[in-house]
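Since the structure comes first, as structure tokens, the remarks are kept for the end.
The values are calculated or read from the model by the stated rules, or taken from the named source; none is laboratory data. Not measured: the values here are computed from a predicted model. Neighbour counts run over all protein chains shown; Cβ positions are idealised from the backbone, glycine included. The accessibility values were calculated without ligands, DNA or RNA, using every heavy atom of the protein model including side chains. Shrake-Rupley method; radii C 1.70, N 1.55, O 1.52, S 1.80 Å.
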Amino acid sequence: MKSNKQRRVEIKARRRQRAAVPATHSFKPDVRLPRVGAYASDDEPADRSVLLRYNNTYGPLPTFYAAQPFVCCDCGAQEVWTAKQQKWWYETVHGHIESRAVRCLACRRARRERVRSAGPGANLLGEQTNRLRALGETKPTEKALAEVDAALQSKWWSLRVVAIQTMVRWGDADRIEKLKAMIAARPEGGRRYWSWERVAADAAMCALIRRE
Ligand SMILES: [Zn+2]
């Protein structure tokens, strides 16, 4: 009788084997493009209606997910990001379409624990993010509005995005008007593609959709 641990090791080894790129394919095929020929048995079809709703990209959206081998950036372990895990990441938690798995489960847990157990000030961005989120739970006060305005100027774009989400949670006429202005000011393509204005417009649109 095999222990669960042995079985897990075997399953992982099998996944690695299946996901390994054959030596005859020296180029790495873009798994996001429609595949020509047969699908592997453990591929997962992508729900493009969900992806289109949460992603604003000029790049192609996947039509299916295939297991992807990767090396953990912390411990160097050979891991496989399974098709099911990818589907969950992109379609259930709406991870950004360009995001990829970089850490193995053990390193993910260790990292989370490190951040969680660090003293105050060690995770300034995390603390400010939680503070901003908490502001969204009650009606906006003068002070809260000033904090959100300040956060919109933060050097951390992720904090600015949380500020936008907080505005959406308040959802009063003034806030909605500001958000609609952000969406209207979205630059299309060109050099402005990586600008804050585009990120802001997408964040506002996404947060408004989620609220509906
Ligand atoms: Zn690792």
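If you plug the beta carbon distance of TRP88 and SER117 into 1/(1 + (r/R0)^6) with R0 = 25 Å, you get a FRET efficiency near 0.40. Here the spin labels are modelled as points 7 Å beyond Cα on the Cα-Cβ line, and at ARG7 and VAL71 they lie 3.2 nm apart.
Geometric descriptor of region 120-211, per residue, is 98 Å³ (volume of the convex hull of the Cα atoms). Taking Cα centre as origin and charging only the Cβ of basic (Lys, Arg, +1) and acidic (Asp, Glu, -1) residues, the dipole magnitude of the chain rounds to 940 debye. The label-point distance for THR138 and THR57, in a model that sets each label 7 Å from Cα toward Cβ, rounds to 4.0 nm. Averaging Cα coordinates gives a centre for region 149-175 and one for region 48-119; these two points are 25 Å apart.
Each residue was assigned an accessible area with a 1.4 Å probe, and for ARG109 the value is about 140 Å². Modelled spin-label separation between TRP196 and LEU145, with each label point placed 7 Å from Cα along the Cα-to-Cβ direction: 2.1 nm. Taking the Cα centre of region 120-211 as origin and assigning +1 to Lys and Arg Cβ atoms and -1 to Asp and Glu Cβ atoms, the resulting dipole is close to 240 debye. Per-residue 3J(HN,Hα) values for region 88-103, derived from phi via the Karplus relation 6.51 cos²θ - 1.76 cosθ + 1.60 with θ = phi - 60°, read 4, 4, 7, 9, 9, 9, 6, x, 4, 5, 8, 7, 9, 6, 10, 10 Hz in sequence order (x marks Gly and Pro). Across all directions, the shadow cast by the convex hull of the chain built on its C-alpha atoms averages 16.5 square nanometres. Exposure here means at most 15 other Cβ atoms within 10 Å; with chymotrypsin sites (Phe, Trp or Tyr not before Pro) in a DSSP loop as sites, the longest stretch of the chain lacking them is 59-155.
Among the GluC sites (Glu not before Pro) found in region 88-154, those both in a DSSP coil and sparsely packed, with 10 or fewer other Cβ atoms within 10 Å of their Cβ, are GLU98, GLU137.
Positive end of the dipole of region 120-211 (Cβ unit charges, origin at the Cα centre): among PRO120, LEU159, ILE209, the Cα lying farthest that way belongs to ILE209.
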